[in-house]
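Contents: one structure, followed by commentary.
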Amino acid sequence: MSTHGSPSASGPPRPHKGDVPREANPLRRTSDRYESWFRRVLMLVLVLGLPVAALSAGLTAYESSMRTVHAQAAARHEVTARLTSDVLGDGLVSKRPAPIRWTERNGTVRTGTALVKAGTPKGAAVRVWVDRDGTVTTPPMNTAGAQANGWFVAGMAALGVALGAHAARAATRLALDRRRYAQWEAEWDLVEPLWSGRFRR
């Protein structure tokens, strides 16, 4: 006797033409349908919103950094200064603050302090950046720094969107589960007396 079509035949049961579609499943609760719909919305947010947010934030940060690059490049310039004293060192610190002196293009002599490698003798030339007021400052931001800042902000924006979507899904699931447990408890309070009464007969 062939086992084809037998209930005990191995393998998964074959689908029937009369199977109920998932969306029309009578066992699916309203909360199940809402959760499924909300998951699709979050997926759409991730697929469309994440790249848009990352690109927008990254470009904004890059353009802002480039404005800083241009402003600093216009306000700062590099000069050659001379050490006015020896830079002593004990080998524990690679650079130490040391007094320097330089002459501006207009002939103004200025003094300041710069970090110089330990052991550098008096009179050695050092290159430093100064602002319009003649104050020693840091080098201006360059294009590479602006690009790195743009990429960093874009990555943080993408991470923020992903974490926000995950948090929204977890919060929604928690709220729906609490509602389901409350419904189950209320339904069990109605069914339990009838169920336990069958064994007291």
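The values are calculated or read from the model by the stated rules, or taken from the named source; none is laboratory data. All figures in this text were calculated on a predicted structure; none of them were measured in a lab. With ideal geometry, Cβ positions are generated from the backbone for all residues, glycine too; neighbour counts draw on all protein chains shown. Only protein heavy atoms, including side chains, enter the accessible area calculation; ligands, DNA and RNA are left aside. Shrake-Rupley method; radii C 1.70, N 1.55, O 1.52, S 1.80 Å.
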Subject >> Linear extension gain, A124 paired with L46, 0.36 nm per residue minus alpha-carbon span >> reply: 22.3 nm
**OP:** For region 69-201, give the percent of accessible area contributed by carbon and sulfur heavy atoms, probe 1.4 Å, rounded to a whole number.
**Re:** 57 percent
**OP:** Give the residue from F152, W129, T172 lying farthest towards the positive end of the charge dipole for region 128-183; charges sit on Cβ (+1 for Lys and Arg, -1 for Asp and Glu) and the dipole is referred to the Cα centre.
**Re:** T172
Original post:
Could you give me the ³J(HN,Hα) list for region 37-43, computed from phi with Karplus coefficients 6.51, -1.76, 1.60 and θ = phi - 60°, whole Hz, x at Gly and Pro?
Top reply: 5, 5, 4, 5, 5, 5, 5
Original post:
Of the listed peptides 186-194, 138-146, what is their order by residue-averaged count of other C-beta atoms within 10 Å, with the highest listed first?
Top reply: 138-146, 186-194
Subject >> Fully extended contour minus Cα-Cα distance, from A144 to E63, at 0.36 nm per residue >> reply: 27.9 nm
Original post:
Between M156 and L55, how many nm apart are label points set 7 Å from Cα along the C-beta direction?
Top reply: 2.2 nm
Original post:
Of Y34, Y62, Y181, which has the most accessible area with a 1.4 Å probe, and how do the rest follow in descending order?
Top reply: Y181, Y34, Y62
Subject >> Å² per residue, accessible surface of region 47-201 at 1.4 Å >> reply: 70 Å²
Original post:
For T103, what charge total do you get from the other residues with a beta carbon under 13 Å from its beta carbon, if Lys and Arg give +1 and Asp and Glu give -1?
Top reply: +3
Original post:
When the solvent-accessible surface of protein heavy atoms is calculated with a 1.4 angstrom probe, in what order do S36, S85 fall, highest first?
Top reply: S85, S36
